[in-house]
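Colleague: If you scroll down you'll find the structure; I have some questions about it.
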Amino acid sequence: MTKGVFITGTDTGIGKTLVSALLARAWDADYWKPLQTGVAQEPGDTETVAMLARRRPDQLHPPACILQAPLSPWAAAMLENVTPDTSSLRLPVTRAPLVVEGAGGLYVPINETLMMIDLPALLNLPVLLVARSGLGTINHTLLSLHALRQRQTPVLGVIMCGARSASNRQAIERFGQTTVLAEIDALPHIDAAIVDDLATQMPSFASCMQQPA
Ligand SMILES: Nc1ncnc2c1ncn2[C@@H]1O[C@H](COP(=O)(O)OP(=O)(O)O)[C@@H](O)[C@H]1O
Ligand SMILES: [Mg+2]
């Protein structure tokens, strides 16, 4: 029985943290960001999800690796003369479903041997792919799906973020042979009350798990 999902995206800044917060709120799930970079400039995603999804501290699992620079884990770790040790990455044991958020997109290097795309398999989690809704998304989304399928990583579906585009959705579903499980509009502002509201429109954990991967 799968314990959770791995949230990845077609890019950085694409809406992974917002989607993670929405799903954590909708599923009353725990949240884990295993590799957090960029804390020198911005609060980590765990803090953002805690606030947006009203998670208690015991529902938040601390990152295994926290790095200062807003770079890939590989590059940020080099600046600090450390090596992200993925052998110590263990899925936290939780009673609730677990939302795990990756860093950046799929071909982001973690260390000399691993990229982000290797993490779902390492953690034995199926993937939800966050994609932007607008121009350029077909290419980025289909490439990401192709890379995941090449590795036989189960993909539950895509969540699109931004002003809705029926034709982009159709292209992603048809040529990506996948399902767009939710569309999140371009929001004028984002806070916990908006997340409360939008969370009611998210697919259930059970229905996501039933998607043909
Ligand atoms: N649907 C949306 N409408 C408006 N702003 C959004 C939307 N999705 C994400 N954002 C904003 O874009 C930025 C990046 O989103 P975030 O979820 O942090 O992306 P990621 O985790 O992929 O880096 C944040 O400032 C976030 O509030
Ligand atoms: Mg994020």
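No lab work stands behind these numbers, since they all come straight from the coordinates. All of these numbers come straight from a predicted model, not from anything done at the bench. Ideal geometry is used to build each Cβ from the backbone, glycine not excepted, and the neighbour counts take in all protein chains shown.
Colleague: Where does the charge balance sit around LYS16 when Lys and Arg score +1, Asp and Glu -1, over other residues with C-beta under 12 Å from its C-beta?
Modeller: Charge balance in the 12 Å sphere: -1.
Colleague: Give the peptides 87-93, 54-60, 180-186 in descending order of average Cβ contacts within 10 Å, highest first.
Modeller: Ranked from most to least packed, the peptides come out as 180-186, 54-60, 87-93.
Colleague: In a GNM of the chain with a 10 Å cut-off on Cα contacts, which of GLN177, GLN150, GLN68 has the highest mean-square fluctuation?
Modeller: Answer for the Gaussian network model of the chain: GLN150.
Colleague: Work out how far the C-alpha atoms of the chain reach from end to end along every principal axis, then list the three figures in whole Å, largest first.
Modeller: 47, 36, 36
Colleague: Taking amide H atoms as placed 1.01 Å from N in the peptide plane, list the residues 5 or more away in sequence, or in a different chain, whose amide H sits under 5 Å from that of CYS65.
Modeller: Here GLN36 satisfy the definition.
Colleague: OK, next. Share of antiparallel DSSP beta bridges in the chain, in percent to the nearest 5?
Modeller: About 5 percent, rounded to the nearest 5.
Colleague: Using the beta-carbon distance between THR179 and ARG56 and R0 = 30 Å, what value does 1/(1 + (r/R0)^6) give for FRET efficiency, to the nearest 0.05?
Modeller: 0.45
Colleague: Using helices alone, I'd like the mean residue ellipticity at 222 nm for the chain: each DSSP H run of four-plus residues gives -39500 (n - 2.57), total over residue count, nearest 500.
Modeller: -9000 deg cm²/dmol
Colleague: Which value in nm describes the separation of the simple spin-label points at LEU143 and LEU79, placed 7 Å from the Cα toward the beta carbon?
Modeller: Each label point lies 7 Å from its Cα, and together they span 2.4 nm.
Colleague: Around ILE110, what is the net charge, scoring Lys/Arg as +1 and Asp/Glu as -1 over all other residues with Cβ under 12 Å from its Cβ? Can you show the working numbers first?
Modeller: Values: positive: none; negative: ASP85, GLU112, ASP118.
Residues close to ILE110 contribute a combined charge of -3.
Colleague: Modelled label-to-label distance, LEU122 and LEU135, 7 Å Cα→beta-carbon offset: nm?
Modeller: Result for the modelled spin labels: 3.7 nm.
Colleague: So if I place +1 on the C-beta of Lys and Arg and -1 on the C-beta of Asp and Glu, and nothing else carries charge, what would the dipole magnitude of the chain be about its Cα centre? I want it in debye, nearest 20.
Modeller: It works out to roughly 520 debye.
Colleague: Another question, then. Can you find, among PRO84, VAL195, VAL5, the residue farthest towards the positive end of the dipole of the chain? Put +1 on the C-beta of Lys and Arg, -1 on that of Asp and Glu.
Modeller: The Cα lying farthest towards the positive end belongs to VAL5.
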